[in-house]
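The values are calculated or read from the model by the stated rules, or taken from the named source; none is laboratory data. Just so we're clear, the structure is a prediction, and the values are computed from it rather than from any experiment. Cβ atoms come from the backbone with ideal geometry, glycine included; neighbour counts cover every protein chain shown.
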Amino acid sequence: MTTFENVIELLAIEEIVNKLSDMEKNDMMSKLRQLKNVYPFSDYEFVISNLLWLDKMTLQEYETMRSEYMDRNYYLHTFQMAWKSVGTWAEQLLISWWHWLKKPSKKIDPHYSQQTSYDAYLEYNWWIIRVEIKASRVTESWNDEDIFIDKALFSDTKKSFWMNFQQLKPQYCDVFIFVAIYRDKLKYWILSSKDVRNYWSNTTDIWRFSPWQHSWNAWNEWQLHIREYNIVDFDPYLTEPENVKTAIIEAYKKQIQ
């Protein structure tokens, strides 16, 4: 059950709710606790409709709130996707944004295999830089909500969070693009394959890095876990969208040193 405070926070309607008297607020909270929801009715719909009915929210305020919510939750739809679909979505999105990032094939790389190799490549001088794109949604740790979307966090969150980048195969690529998906924005870390290997070798904490995906493919597919206590480890690799191409080239230079 969504709490009244959650509704206020996600809809950013603190000023509007402050117009309620203590009696009106307590009555709404009491009804919300007993509310049963069936699609398309929800806790959010209940609070909004009550605010409109009580003349605490105007239609213009509602339209403004709705528009601002869409802007603040631009990537919220990805939290409704299946795990495998998220990776494909991120890969297709980045390749569509950045024309210099291209899909590989055996024509450009005779050793390329869709099952075991990289997601994209970048032409650099006479070489191709093999790029692996990994994405993870940023969700609240220790949240017992059954619906994944209720765990989604904003980029300025102060809450404990969890990201899990799976099926890492540094042996097949030169550079990784790690994409953190928040409700409101994307963040990018650009690491060379060597950086990823070094991170694993420098930590024994399986809650930061796991050198296995499943018991039958240990040491072949790794997992990177980013939480509030180790995200600072990746600050040197954090890259703005306009600098991604340069960061990939610099990571590649480090890779071949």
Task: Members of segment 55-73 that are surrounded by 11 or more Cβ atoms within 10 Å (Cβ to Cβ) and either more than 20 Å from the chain's Cα centre (by Cα) or at pLDDT 95 or above (or both) - done: LYS56, MET57, THR58, GLU61, TYR62, THR64, MET65, ARG66
- [ ] May I ask you to list the residues in segment 97-135 that are in a strand (DSSP E or B) and of a type in the set (Gly, Ala, Ser)?
- [x] ALA120, ALA135
Open item on the list: Given the criteria surrounded by 12 or more Cβ atoms within 10 Å (Cβ to Cβ), modelled with pLDDT under 90 and not β-branched (Val, Ile, Thr), does ASP144 qualify?
Closed with: no
Open item on the list: Among the residues of segment 156-168, are any assigned by TED's automatic domain parsing to the domain that holds LYS187, among the aromatic types (Phe, Trp, Tyr), part of a helix (DSSP H, G or I) and within 16 Å of the chain's Cα centre (by Cα)?
Closed with: no
TODO: Pairs only if they're at least six apart or on different chains, beta carbon under 6 angstrom, first in segment 225-239 and in the same structural domain as GLN166 (by TED's automatic domain parsing), second surrounded by fewer than 16 Cβ atoms within 10 Å (Cβ to Cβ); list them, first residue then second.
DONE: HIS225/ASN164; HIS225/TRP207; GLU228/SER160
- [ ] Output yes when any residue across segment 210-232 is in a helix (DSSP H, G or I), closer than 29 Å to ASP156 by Cα and at pLDDT 85 or above, and no when none is.
- [x] yes
